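Here, each number is a calculation from the coordinates, and none is a lab measurement. All values derive from a computational prediction rather than experimental measurement. Cβ sites come from the backbone with ideal geometry, for glycine too, and all protein chains shown count toward neighbours.
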Amino acid sequence: MRESKVKILGTGSSVPERVITNFDLEKMVDTSDEWITTRTGIKQRRIAGEGESTSTFALLAAQRALQAAQVSPEELDLIVVATVTPDMLFPATSCLLQRELKASKAASCDLEAGCTGFVYALSLAEKYLRGGGGEKALVVGAETLSKILDWQDRSTCVLFGDGAGAAVLGLSEEEGILATYLGSDGGGAHLLELPAGCSRMPASLDTVNNRLHYIKMNGNEVFKFAVKIMEEASLEVIKRGNVEIDEVSLFIPHQANIRIINSAAKRLSIPEEKVFVNVHKYGNTSSASIPLALDEACREGKIKRGDLVLLVGFGAGLTWGSALIRW
Ligand code: UT7
């Protein structure tokens, strides 16, 4: 009989070297460090260099996670890359990663659930292992959002950044992933989208001239949704995991905006010292945000064995998801 408990065996992350500060952006669009800092908490972001793509950072994050987990690529049964900025529409970025890692027995696919992508991928990979699909899985959240930003649109270009985070999951004797919760509401699909380049609006001179290959967002509506859903998704996974919110040792929310993070933490009565924040360093890195934060928290010694970690995210779709992890 196979063991049906799953835990995170190791994490890793990677960000581009190039830093773009709010002061750099002041020279590009009509904005200010003061506006960006007070409205979002972001001070700088990392931006991919020439020749770098999503798989560049996915690969480094994956290698670091495998090393931390002491798992070799040949042991992987599944690779899932969550991204809204794949290297290409197809083949999947996960297949490019599989090739580079030489993970010869792994099945590979990409998953698109906006900024909730990593939590979705974590939950689905966990169920895959529990269901008998294999023993080890690699889950990656990786983005190069700089490539789909309109650098003339101050309402979006100041918010996002590039990077990747990864986690290796494995069957274990201890329960690691206590509960997950996923949800979606396509009624809000229009609030955050990239209109052109696929079957509905194939690339043409018009789509390029009208700047339709870039992120379009109704920031205010997404903000309102985010604050509400972060609380709901957190409470639901806490209930599913049969624990109390004050047992949570570290809260790792999607890093989109410090105001969203603070109001979610306040609604949940989670004290500031239990909230992990790195949005000031990286901006919103979409599906990379939670695994990047998780890896930093691990490497900074903020998560100890036995700790209860709560991950919660929201994003385009609209989607949301949460995961409760015993470290
Ligand atoms: O991962 C999921 C993805 N998205 C999010 O999480 C985003 C959620 N939304 C937000 O974080 C916030 O809504 C924003 C940060 C996007 C915007 O903050 P806000 O407090 O909701 O500002 P606003 O959109 O209401 O804009 C206020 C003003 C506007 O000027 P007027 O119309 O009041 O004169 C904007 O034109 O700020 C202006 N503005 C800017 N000013 C300077 C918008 N962007 C900028 C900018 N610099 N970069």
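Between Tyr282, Tyr120, Tyr181, find the one with the highest GNM mean-square fluctuation for the chain; connect C-alpha pairs within less than 10 Å.
Comparing Tyr282, Tyr120, Tyr181 in the GNM, the peak value goes to Tyr181.
Quick one, what does Rg over Rh come out to for the stretch 76-127 if you take C-alpha atoms and the Kirkwood Rh?
That ratio equals 0.96.
For the chain, take the convex hull of the Cα atoms, compute a quarter of its surface area, and give me that in nm², please.
16.0
Is the shape of the stretch 110-235 best called rounded, prolate or oblate, per the rule: a/c under 1.5 gives rounded, else a/b larger than b/c gives prolate, else oblate, with a ≥ b ≥ c the square roots of the Cα gyration tensor eigenvalues?
prolate
Could you list Phe276, Phe118, Phe223, Phe314 in order of exposure, starting from the residue whose Cβ has the fewest other Cβ atoms within 10 Å?
Listed from fewest to most nearby Cβ atoms, that is Phe223, Phe276, Phe314, Phe118.
Along the charge dipole of the stretch 179-326, Cβ charges K/R +1 and D/E -1, which of Asn284, Ile258, Thr180 sits furthest on the positive end?
Asn284
With a 10 Å cut-off between alpha carbons and a GNM built on the chain, which of Ala113, Ala196, Ala48 moves the most?
Of Ala113, Ala196, Ala48, the Gaussian network model singles out Ala196 as fluctuating most.
Summing Lys, Arg as +1 and Asp, Glu as -1, what charge do residues with Cβ under 15 Å from the Cβ of Arg46 carry, Arg46 excluded?
Net charge in that neighbourhood comes out at -3.
Could you run the Karplus curve 6.51 cos²θ - 1.76 cosθ + 1.60 with θ = phi - 60° over the stretch 232-238 and give me ³J(HN,Hα) per residue in whole Hz, x for Gly and Pro?
Values, residue by residue: 4, 5, 5, 5, 5, 6, 4 Hz.
May I ask you to evaluate 6.51 cos²θ - 1.76 cosθ + 1.60, the Karplus curve with θ = phi - 60°, for each residue of the stretch 273-280 and list the ³J(HN,Hα) values in order in whole Hz, giving x for glycine and proline?
Using θ = phi - 60°, the values come out as 5, 9, 9, 8, 10, 9, 4, 5 Hz.
Explain nothing, just compute: Karplus ³J(HN,Hα) = 6.51 cos²θ - 1.76 cosθ + 1.60, θ = phi - 60°, for every residue of the stretch 216-230 in order, whole Hz, x for Gly and Pro.
Calculated HN-Hα couplings, in order: 10, 9, 9, x, 5, 5, 5, 4, 4, 4, 4, 4, 5, 6, 4 Hz.
Treat the count of other C-beta atoms within 10 Å as a stand-in for reagent exposure and order Asp77, Asp33 from fewest to most.
Ordered from fewest to most neighbouring Cβ atoms within 10 Å, Asp77, Asp33 come out as Asp33, Asp77.
For the stretch 243-327, which GluC sites (Glu not before Pro) are both in a DSSP coil and crowded by at most 16 other Cβ atoms within 10 Å?
Glu244, Glu300
Once you compute Rg and the Kirkwood Rh from C-alpha atoms, what is the Rg to Rh ratio for the stretch 5-174?
Rg/Rh: 1.04.
Of all DSSP beta bridges in the chain, what percent run antiparallel (nearest 5)?
70
Can you sort His280, His254 by how many other beta carbons sit within 10 Å, fewest first?
His280, His254
Using only the Cα atoms, what convex hull volume per residue in Å³ does the stretch 152-217 have?
Looking at the stretch 152-217, the number lands at 170 Å³ per residue.
Just want to confirm a number: the relative contact order over the chain, from Cα pairs under 8 angstrom separated by 6+ residues, in percent.
With pairs under 8 Å counted, the relative contact order is 26 percent.
Take every DSSP beta bridge with both residues inside the stretch 76-207 and express the antiparallel ones as a percent of the total, to the nearest 5.
Roughly 45 percent of the beta bridges in the stretch 76-207 run antiparallel, per DSSP.
What is the set of long-range amide H partners of Asn284 at a cut-off below 5 Å, with H atoms built 1.01 Å from backbone N?
Phe160, Gly161
Treating the beta-carbon of each Lys and Arg as +1 and of each Asp and Glu as -1, no other charges, what is the dipole magnitude of the stretch 271-327 about its Cα centre, to the nearest 20 debye?
Approximately 160 debye in magnitude.
Taking the chain as a Gaussian network, where each spring joins two C-alpha atoms under 10 Å apart, which residue of Leu205, Leu192, Leu89 fluctuates the most?
Highest fluctuation of the listed residues: Leu205.
Please grab the % of Cα pairs in the stretch 179-326 that end up more than 25 Å from each other.
Distances greater than 25 Å cover 32 percent of the Cα pairs.
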